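The values are calculated or read from the model by the stated rules, or taken from the named source; none is laboratory data. All figures in this text were calculated on a predicted structure; none of them were measured in a lab. Ideal geometry is used to build each Cβ from the backbone, glycine not excepted, and the neighbour counts take in all protein chains shown.
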Amino acid sequence: PALPHQANSGLAGDPAANQEYRVYEAVLKLIDSIPTGAHVSIYDRTLTSRCDGDADNPVLAKGCTFLWVKPDTDQDVERMLRRGFHGLHRSTWKNFKLRNATSVPLHDPLSTPWKHRFTGPDTPAASSAEWQSPDMTIYFSRVGFNSKKTEAIVYVLVFSYVGQRETSGDYLRFRLGADKSWSLAGQCSYRSRGDSLSASLRPQLRPVAELR
């Protein structure tokens, strides 16, 4: 089996974000349908709840956020999650909304079961041609935690360009176990390839991509 991979960016991890990164790693371990030799990019800034005109949102859906796509609102998504995630702590969703008001940088060290590279405005361009056209690009929201830091939710947007993995947008719920590791406790699919939703990346960053 492939060993966990950490791209060499030379950046030190932020101690305050330690648990957030552990949740991201738990998410990435669940993505098990990546073909051998695939090139997976992780975008180096988080998604936000803000809309067109706010330059810190790396990708837009209908000119606005992917976290709740127009005409949906944050209240609509909260109702969906409460139906799908029985007993979701109110403090978890409140913290999720608060954290995702702005975009923050993401960087290594981040352990994954497969080779990855960060991409975006905060990462130097790849010197190797093999990374010019990745097979998959993953976008993360910030992680929302409950007040006791035992429950977490995160939104994960995947643009897939290979047949083994569908383009999707999912809310994932995690719980902290006695061994201090995060385990999946629920999944709500919010967007998929079949939604016929145009998804534009910031024009100064990358060309337009589409969810079809």
Looking only at the stretch 103-110, decide whether some residue is polar (S, T, N, Q), modelled with pLDDT of 95 or more and under 30 Å from Gly87 (Cα atoms).
no
Scan the stretch 79-95 and give yes if some residue there is among the charged types (D, E, K, R) and buried (at least 17 other Cβ atoms within 10 Å of the Cβ), otherwise no.
no
Yes or no: the stretch 125-140 includes at least one residue that is more than 16 Å from the chain's Cα centre (by Cα) and under 19 Å from Tyr21 (Cα atoms).
no
Do you know which residues across the stretch 134-160 are over 28 Å from Met80 (Cα atoms) and without any contact (Cβ under 8 Å) to a residue 40 or more places away in the chain?
none
Looking at (1) over 21 Å from Leu176 (Cα atoms); (2) surrounded by fewer than 17 Cβ atoms within 10 Å (Cβ to Cβ), which is the one condition that is false for Thr46?
(2)
